[in-house]
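Just so you know, all these numbers are worked out from the coordinates, no wet-lab data involved. Since this is a predicted model, take the numbers as computed values, not measurements. Cβ: placed from backbone, ideal geometry, glycine included. Neighbour counts: every protein chain shown.
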Ligand SMILES: Cc1cc2nc3c(=O)[nH]c(=O)nc-3n(C[C@H](O)[C@H](O)[C@H](O)COP(=O)(O)OP(=O)(O)OC[C@H]3O[C@@H](n4cnc5c(N)ncnc54)[C@H](O)[C@@H]3O)c2cc1C
C-alpha cells in the first residue's frame, strides 16, 4: 500500500522524530511504499496567500477559495503546493506525526492544511464527508502530548482527548472524505524512562504492522 507520513516537529532527535523514523522503517519492512512530508526540514512555508498560486483569478481582491477553484481548473497551483497535493492524492493511508501544541497541530501543519487542502481540488460542490474526495483512504493522527493520560479523560484537567482532536478529525480529515483511525497517542514522553519510550516505539511498530486491518472510528462520538 502507499503511505504518506507528514511530520511536524522541529527536532529530529525528539520522540516525534523517533516515531517518524520508526514508522518509515516498519512500513517499508512490511513491503509498503512510503513518501514523507517533513515540514520543518523541508522548510515548508505555512503562510497562505497569493504564493499558493501561479495563476490569478482576481488581481484586485484576494479570495483564497475562488483562487483555488481557478487554480484547480487551470493547473495553477504553485510548485510546493502541487507537490504536496499529489502526495495526498497518491496515498492510501496518511499519517500525521506531531506533538500537540495548544490543543491542536503545530502551526506549520495547520498552515500545510490551509494551503494544500484546496477548494475545487480537495473539496467543494458537495464533495465532503461521505462523498468526500478522499473516500476510501485512511488517515491517522500519531501524536505526543505533554500531560498524563488522566488529564485527557472526560472529567480530567484538560477534558476528553477525542473532544480536543475533533476539529482535526472531523473538520479536516473526515470533511475531505478520509476514514479516520483511532489516534495513536503517547502521553508525557518527557516523563517516561528510556525503556518506556522504547516500549512506545515497539507499540507503534506493532500497530503499524496491522494498520490496514483496522476499522475507522466514529468522529462524532464526542
Ligand atoms: C508551543 C507548545 C504548546 C504545547 N501545548 C500543549 C498542549 O496544549 N497540551 C499538552 O498536553 N502539551 C502541550 N505541549 C507539550 C508538548 O505536547 C510535548 O512537549 C510534546 O508532545 C513532547 O513530544 P516531543 O517529541 O517534543 O518530546 P521530546 O521532549 O523531544 O522527547 C521526549 C524524550 O524522548 C527522548 N527520545 C527521543 N528519541 C528516543 C528514542 N528513540 N528512544 C527513547 N527515547 C527517545 C528524547 O531524547 C527526550 O528526552 C506544548 C508544547 C509546546 C512547545
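Looking only at residues of the stretch 183-211 that are loosely packed, with under 13 Cβ neighbours inside 10 Å and within 15 Å of residue 146 (Cβ to Cβ), we find that the one that is farthest from the ligand (Cβ to nearest atom) is 191.
Each row is one residue, and each column tells you yes or no for (1) surrounded by 14 or more Cβ atoms within 10 Å (Cβ to Cβ); (2) within 16 Å of the ligand (Cβ to nearest atom).
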position	(1), (2)
101	yes, yes
116	yes, no
125	no, no
139	yes, no
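Would the stretch 32-40 turn up any residue that is over 20 Å from the mean Cα position of the chain (by Cα), surrounded by 16 or more Cβ atoms within 10 Å (Cβ to Cβ) and either assigned to a strand (DSSP E or B) or in contact (Cβ under 8 Å) with a residue 40 or more places away in the chain (or both)? Taking every residue of the stretch 32-40 in turn, none turns out to be over 20 Å from the mean Cα position of the chain (by Cα), surrounded by 16 or more Cβ atoms within 10 Å (Cβ to Cβ) and either assigned to a strand (DSSP E or B) or in contact (Cβ under 8 Å) with a residue 40 or more places away in the chain (or both).
Of all residues being farther than 16 Å from residue 173 by Cα and not in a helix (DSSP H, G or I) in the stretch 67-94, which is farthest from the ligand (Cβ to nearest atom)? Just the residue, please. By that ranking, first place goes to 75.
Scanning the stretch 160-182 for residues that are within 14 Å of the ligand (Cβ to nearest atom) and in contact (Cβ under 8 Å) with a residue 60 or more places away in the chain returns 160, 164, 167, 168.
Please go through the stretch 100-132 and give me each residue that is in contact with a strand residue (DSSP E or B) (Cβ under 8 Å, 6 or more places away or on another chain) and part of a helix (DSSP H, G or I), ordered by number.
Passing the criteria: 107, 109, 110, 112.
Considering only residues of the stretch 1-10 that are within 16 Å of residue 40 (Cβ to Cβ) and either part of a strand (DSSP E or B) or touching a helix residue (DSSP H, G or I) at 6+ places or on another chain (Cβ under 6 Å) (or both), which is nearest to the ligand (Cβ to nearest atom)? Walk me through how you get there before you give the answer.
So the first thing to find is which residues in the stretch 1-10 are within 16 Å of residue 40 (Cβ to Cβ), and the list is 5-10.
Now narrow it down to the ones that are either part of a strand (DSSP E or B) or touching a helix residue (DSSP H, G or I) at 6+ places or on another chain (Cβ under 6 Å) (or both): 5-9.
Working: 5: 15, 6: 15, 7: 10, 8: 10, 9: 6 Å.
Checked the stretch 1-10; the qualifying residue nearest to the ligand (Cβ to nearest atom) is 9.
Screening 22, 97 for residues that are part of a helix (DSSP H, G or I), in contact (Cβ under 8 Å) with a residue 12 or more places away in the chain, under 28 Å from residue 146 (Cβ atoms) and within 16 Å of the ligand (Cβ to nearest atom) leaves exactly one candidate, 22. For the stretch 143-159, the candidate set comprises residues that are outside any loop (DSSP other than H, G, I, E, B) and more than 10 Å from the ligand (Cβ to nearest atom); within that set, the residue that is farthest from residue 184 (Cα to Cα) is 150.
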